[in-house]
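A.B. asks: First the structure, then my questions, so here it is.
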Amino acid sequence: MNTPILQAKNLTKYFGGLRAVGRVSFDVEPLGVTSIIGPNGAGKTTLFNLLSGLYVPDEGQLLMQGDDVTQLDPVERLSRGMARSFQITNLFFDLTVEQNLLLASQKLESWSKLFSATHKSQLAIQRAQELLEIFQLMAKKEVLAGALSHGEQRRLEIAVTMALRPQILLLDEPTQGMSQGDTHETSQLIAELGKSVTILLIEHDVELVMDLSKQVVVMAQGEKIAQGSPQDVRSNPVVQTAYFGDTV
Amino acid sequence: MDKYQQKAVRMMEWLMLIAAIILVVIGKLTGDTFFLRLATEALIFGGLALSVDLLLGIVGLLSLGQALYFGFGAYLSALILRDWMPSFWLCIVVVAISSALLGWITSFIALRSKGVYFALISFGLAQVFAKSVYNTRSLGASDGMVGVPVIQIPFPFITLNLGDAITFFVITFIFMAGIYFTLKYFLYTPLGRIWNGVRSNESRLPYLGYNTQVPKRIAFVLAAVVAAVSGALYPMLRGFVSPELMYFSVSGNAVITVVLGGVGTLIGALFGSSLLMILKSVIGTLTLHHHIVIGLLFVIIVIFAPKGIVGMLSAKLKVKGAQ
């Protein structure tokens with residue numbers, strides 16, 4: 001078994017008296033897709049916010065490649081190789097597609113280039129071009145992000161998070177609101193990305209999760225109720241009751 | 001900025017240059033320096049508007065107290081020129097360094113907040129400084145400071161006399177062009193791109209690895225320096241300074257100027273300032289109530305041309321380009 005790239009240990013988060021996430025523990029192995037599923041209100045997005053550094057847990061610990069990153073903010077986590085996308089598309093809507101990608105990529109450059117003309121940022125320019133090609137956005141590079149279709153915006157959202165070549169990519173419902181065709185294309189893209197990056201995915205589309213994932217974590221009412229391969233999870237009676245329903 | 005906006009900006013830059021040349025030629029031929037002095041003042045306040053546009057149009061921070069730095073520069077300049085040494089270069093260097101320090105210190109207060117709270121804090125800071133100056137006898141209190149001498153700028157082969165209206169106008173024009181092109185350069189650097197990111201969606205930037213406080217602080221300090229060195233020219237032109245230079249009316253006028261010219265375009269700030277000065281002058285000769293007329297004009301422009309003159313021009317170019 002590979003050494004886990006990410007280890008959540010008893011992560012707990014309270015909002016006032018409400019326990020949104022309670023003592024959740026799981027390991028994520030390198031590469032491939034690990035998914036977190038659960039019904040609405042299960043605490044998936046809160047857990048994502050704990051993993052990405054938006055929230056600090058009230059209890060528990062998060063280890064990344066063995067290092068404790070529990071108290072690190074998103075900037076520090078990104079510098080260690082953890083990037084995230086958002087459930088609600090979160091882009092720079094009044095910048096063009098290319099500007100979005102250049103802004104995300106220019107962190108690859110040394111800080112000394114901060115005051116140099118942008119055309120000297122060759123690393124950023126090259127990375128933006130790569131991403132435009134990988135995510136099939138080349139034809140739209142001059143278009144404002146706010147003017148893209150929903151499916152294109154979701155693709156750009158993932159492209160932006162990939163700019164710094166993260167080791168772990170947290171994707172929060174990347175296919176939300178997409179057409180069937182766009183969903184299919186995006187799932188292929190995620191599968192492809194999973195060959196070189198560890199992907200942690202929150203997704204409502206259960207079929208997509210089962211197709212893509214090598215491991216699935218199931219949550220309900222803020223707690224982890226199961227973890228295992230898609231087949232294991234499907235056949236788990238607790239999961240069937242809590243998530244799929246008794247009849248499945 | 002799309003290609004039509006860029007084209008509109010270039011056209012405005014040429015227009016400003018041509019207008020400046022025409023003014024100098026007319027001044028030289030007729031000997032009438034009234035409009036040259038007016039244009040010089042417009043450029044000086046254009047510098048203040050440039051600093052507002054950097055904050056508002058590029059970084060997305062609405063400052064309602066930018067007159068603080070303008071007035072600070074003006075007072076410090078008056079003090080240096082009158083009581084220390086009538087040296088242009090010394091004055092500009094000391095004002096630039098001091099205002100950078102002041103901007104850096106006040107940024108820790110102002111940048112604690114965002115949006116309307118930032119606007120109110122910047123307004124409050126300017127009020128505190130203005131009232132402090134107003135109540136300081138050694139700075140002339142409510143009367144301000146008078147008696148700033150006419151200064152000369154020595155160069156290796158020539159000495160320029162700022163008492164000459166044409167010379168002062170040309171120096172101010174070059175000075176403001178220098179500030180304008182420096183700021184424009186910043187827009188095309190990675191730092192400028194981060195500023196755009198802050199304006200567009202600040203909360204996303206930490207997930208791209210950016211601490212947003214640093215680029216915001218750089219912009220804030222830079223805006224303070226731009227406003228202050230512009231203000232430093234004011235006592236050289238008028239020979240006096242007064243606490244009114246720090247008042248809200250000055251900060252508010254700068255915001256109006258930027259909106260009139262086109263937010264986020266930089267050239268709009270300089271053009272808007274010139275236009276506002278012309279409007280004040282022309283309407284002022286027709287009625288004492290020129291503020292009412294200008295206020296109404298501002299309302300009309302905001303409703304019918306919310307992107308200002310540059311926006312209006314670029315929209316026309318876009319229509320023309322589509323035909």
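A.B. asks: Show me, bin by bin at 20 Å from 0, the whole-percent P(r) of region B:3-322 based on Cα pairs.
C.D. replies: 32, 60, 8, 0
A.B. asks: What are the ³J(HN,Hα) values, in whole Hz, obtained from phi via the Karplus relation 6.51 cos²θ - 1.76 cosθ + 1.60 with θ = phi - 60°, for each residue of region A:39-47 in sequence order, with x given for Gly and Pro?
C.D. replies: x, 4, x, 6, x, 5, 5, 4, 4
A.B. asks: Straight-line reach from B:LYS307: which aspartates and glutamates have a Cα under 15 Å away, not including same-chain ones fewer than 8 places off?
C.D. replies: Reachable aspartates and glutamates: A:ASP94, B:ASP2, B:ASP53.
A.B. asks: For peptide A:71-84, what's the mean number of Cβ atoms from other chains within 10 Å of each residue's Cβ? Can you show the working numbers first?
C.D. replies: Values: counts 0, 0, 2, 6, 8, 3, 3, 5, 1, 0, 0, 1, 3, 1.
Shielding by partners across A:71-84 averages 2.
A.B. asks: Something else: Taking neighbour Cβ counts within 10 Å as the exposure measure, how do A:TYR14, B:TYR117 sort from fewest upward?
C.D. replies: The fewest-first ordering by Cβ neighbours comes to B:TYR117, A:TYR14.
A.B. asks: Which residue, chosen from A:VAL143, A:ALA124, A:LEU91, occupies the Cα position most advanced towards the positive end of the dipole of region A:90-165, where the dipole is computed from +1 (Lys, Arg) and -1 (Asp, Glu) charges on Cβ about the Cα centre?
C.D. replies: Positive-most Cα among the choices belongs to A:ALA124.
A.B. asks: In terms of modelled amide H atoms, which long-range or inter-chain residues lie less than 5 Å from the amide H of A:MET219?
C.D. replies: Residues meeting the amide H criterion: A:ILE37, A:GLY38, A:ILE225.
A.B. asks: Provide a whole-number value for the mean count of partner chain Cβ atoms within 10 Å of the Cβ atoms in peptide A:87-97. Please list the in-between numbers first.
C.D. replies: Working: counts 0, 0, 0, 4, 3, 11, 2, 5, 6, 1, 0.
Mean shielding count: 3.
A.B. asks: Restricting the calculation to Cα positions, tell me the Rg (one decimal) and the Dmax (whole number) of the protein assembly as shown in Å.
C.D. replies: Over the protein assembly as shown's Cα set, Rg and Dmax evaluate to 28.9, 97 Å.
A.B. asks: Also: Starting with the highest mean, order B:210-220, B:300-310, B:54-64 by the number of other Cβ atoms within 10 Å, averaged over the residues of each peptide.
C.D. replies: Working: B:210-220: 19.6, B:300-310: 16.4, B:54-64: 24.2.
Descending packing order for the listed peptides: B:54-64, B:210-220, B:300-310.
A.B. asks: Charges on Cβ only, +1 for Lys and Arg, -1 for Asp and Glu, centred on the Cα centroid of the protein assembly as shown; of A:SER213, A:ILE202, B:LEU233, which one is farthest towards the dipole's positive end?
C.D. replies: The one lying farthest along the dipole's positive direction is B:LEU233.
A.B. asks: Compute the Rg to Rh ratio over region A:116-233 from the alpha carbon atoms, using the Kirkwood formula for Rh, and round to two decimal places. Spell out each step's value before the answer.
C.D. replies: Details: Rg = 16.3 Å, Rh = 15.8 Å.
Checking Rg against Rh, the ratio lands at 1.03.
A.B. asks: Still on this structure, I have one more. With only alpha-carbon atoms counted, please give the Rg and Dmax of region A:90-165, in Å.
C.D. replies: When restricted to Cα atoms, region A:90-165 yields Rg and Dmax of 11.8, 36 Å.
A.B. asks: Another question about this same structure. Between region A:142-190 and region B:247-317, how far is it from one alpha carbon centroid to the other, in angstrom?
C.D. replies: 42
A.B. asks: As a quick test, which of the pairs A:LYS141/B:LYS216; B:LYS7/B:LYS320; A:LYS120/B:LYS184 have an alpha carbon distance above 24 angstrom in this structure? Could the numbers behind the result be given before it?
C.D. replies: Values: A:LYS141/B:LYS216 27 Å; B:LYS7/B:LYS320 12 Å; A:LYS120/B:LYS184 17 Å.
Distance filter (> 24 Å) returns A:LYS141/B:LYS216.
A.B. asks: With contacts defined as alpha carbon pairs under 8 Å and 6 or more residues apart, what's the relative contact order of chain B in percent?
C.D. replies: On the way: 503 pairs, mean separation 110.2, N = 323.
Once divided by the residue count of chain B, the mean separation gives 34 percent.
A.B. asks: Once amide H atoms are built 1.01 Å from N in the peptide plane, which residues 5 or more positions from B:LEU160, or in another chain, come under 5 Å H to H?
C.D. replies: B:ILE153, B:PHE155
A.B. asks: Here's another thing I want to ask about it. By a straight-distance test (C-alpha under 30 Å), which lysines pair with A:LYS9 as possible cross-link partners, with residues fewer than eight away in the same chain excluded?
C.D. replies: A:LYS44, A:LYS195, A:LYS214, A:LYS224
A.B. asks: Continuing with the same structure: Need one number for region B:130-230: average projected area of the convex hull over its C-alpha atoms, nm².
C.D. replies: On the way: hull surface 41.7 nm².
Here the figure is 10.4 nm², rounded to one decimal.
A.B. asks: May I have the pair-distance distribution P(r) for region A:1-145, computed from all Cα-Cα distances with 10 Å bins from 0 and rounded to whole percent?
C.D. replies: Spelled out bin by bin, region A:1-145 gives 10, 31, 30, 23, 7, 0 percent.
A.B. asks: For a protection proxy built on the mean count of beta-carbon atoms within 10 angstrom, sort B:96-102, A:46-52 highest first, please.
C.D. replies: On the way: B:96-102: 17.3, A:46-52: 24.0.
Descending packing order for the listed peptides: A:46-52, B:96-102.
A.B. asks: Okay, next question. What is the packing order of peptides B:168-174, A:227-233, taking the mean over residues of other C-beta atoms within 10 Å and listing the highest first?
C.D. replies: On the way: B:168-174: 19.9, A:227-233: 16.1.
Result, highest mean first: B:168-174, A:227-233.
A.B. asks: I would also like to ask the following. To the nearest whole number, what is the average tally of beta carbon atoms from other chains within 10 Å of the beta carbons of peptide A:101-108? Walk me through the numbers on the way to the answer.
C.D. replies: Numbers: counts 0, 2, 11, 7, 2, 9, 5, 1.
Partner Cβ neighbours, averaged per residue: 5.
A.B. asks: Let me ask you something else. List the residues whose amide H sits under 5 Å from the amide H of A:TYR55, counting only those 5 or more places along or on another chain, with H placed 1.01 Å from N in the peptide plane.
C.D. replies: Sorted by chain and number, the residues that satisfy this are A:LEU50.
A.B. asks: Continuing with the same structure: If all Cα-Cα distances of chain A are sorted into 10 Å bins from 0 onward, what percent lands in each bin, rounded to whole numbers?
C.D. replies: Computed distribution, short to long bins: 7, 30, 35, 20, 6, 1, 0.
A.B. asks: For region A:13-62 and region B:22-53, what is the separation of their C-alpha centers, rounded to whole Å?
C.D. replies: Value for the Cα centre distance between the two parts: 62 Å.
Read-outs: derived from the displayed coordinates by stated rules, not from any lab. Everything numeric in this text was worked out from a predicted model, so none of it was measured. Backbone-built Cβ (ideal geometry, glycine too); neighbour counts: all protein chains shown.
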